[in-house]
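Everything on this sheet refers to the single structure shown next.
The values are calculated or read from the model by the stated rules, or taken from the named source; none is laboratory data. Quantities reported herein were computed from a predicted structural model and do not represent experimental measurements. Quick reminder, even Gly has a Cβ in these numbers, built from the backbone with ideal geometry, and neighbours come from all protein chains shown. With ligands, DNA and RNA removed, areas are computed over all heavy atoms of the protein, side chains included. Shrake-Rupley method; radii C 1.70, N 1.55, O 1.52, S 1.80 Å.
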Amino acid sequence: MKKKKVLFVCLGNICRSPSAEAVLKKLLKNENLENKIEVDSSGTIDYHEGEPSDKRMQMHAAKRGYVLDHIARKFNSEKDFAESDYIITMDNMIYNDVITLDVKKQFRSKIFKMSQFSGNIKFDEVIDPYYLGTEGFEKVLDILEDSSKVLLNRIKDDIESENKIRN
Ligand code: 4NP
């Protein structure tokens, strides 16, 4: 079976989406699912393209055992819509931007808000921590750690349903 591909999307691809990528990758590693699910991230703007993640975000993530080694890239409508199975946006503006990029409305069912996977921590948006300081970075990680578990369960359920249909 083809690997499922998750693509997280934020604005600059240096804080929230690379953190979401690292958090989900760690869960996949712990559950030995790296051969079934792959993860990437991107931003809707190219301002930070080619840069490593924000130093402050890296530092807060490292304290929890995550290595942010992603290099920022812009969301690529030409290939990311077709190649991804779950396109997960960090806030409502990014969601609306990605929906708008899907000009022919072909990929609507693949586009999600991270808040759809709220677990114990209820939230509407993964807030942009860029101008918020320490509290913002910690809050982003709290939200991502909690919601990634719900997201992973959803993906595992989808894989199981597909396997049942096949057999
Ligand atoms: P991110 O955070 O979207 O979570 O990567 C931001 C990074 C950069 C900027 C804004 C938000 N910026 O304005 O450059």
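Below are the figures for this structure:
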item	result
Some residue of the range 58-75 being of a type in the set (Phe, Trp, Tyr) and either exposed (fewer than 13 other Cβ atoms within 10 Å of the Cβ) or under 28 Å from Arg108 (Cβ atoms) (or both)	yes
Considering residues of the range 40-54 that are touching a helix residue (DSSP H, G or I) at 6+ places or on another chain (Cβ under 8 Å) and open to solvent by 20 Å² or more (accessible area, probe 1.4 Å) only, the residue farthest from the ligand (Cβ to nearest atom)	Asp40
Test for Asp85: is it open to solvent by less than 50 Å² (accessible area, probe 1.4 Å), closer than 19 Å to Ile127 by Cα, modelled with pLDDT of 95 or more and among the charged types (D, E, K, R)	no
Matching residues, the range 103-138, being closer than 22 Å to His48 by Cβ, open to solvent by less than 50 Å² (accessible area, probe 1.4 Å) and among the aliphatic types (A, V, I, L, M)	Met114, Val126
Any chance Lys79 is open to solvent by 60 Å² or more (accessible area, probe 1.4 Å), outside any loop (DSSP other than H, G, I, E, B) and either within 16 Å of the ligand (Cβ to nearest atom) or under 24 Å from Val150 (Cβ atoms) (or both)	no
Count of residues meeting criterion [open to solvent by 20 Å² or more (accessible area, probe 1.4 Å) and within 16 Å of the ligand (Cβ to nearest atom)] in the range 8-38	1
Residue count, the range 92-126 (criterion: more than 21 Å from Ser148 (Cα to Cα) and of a type in the set (A, V, I, L, M))	3
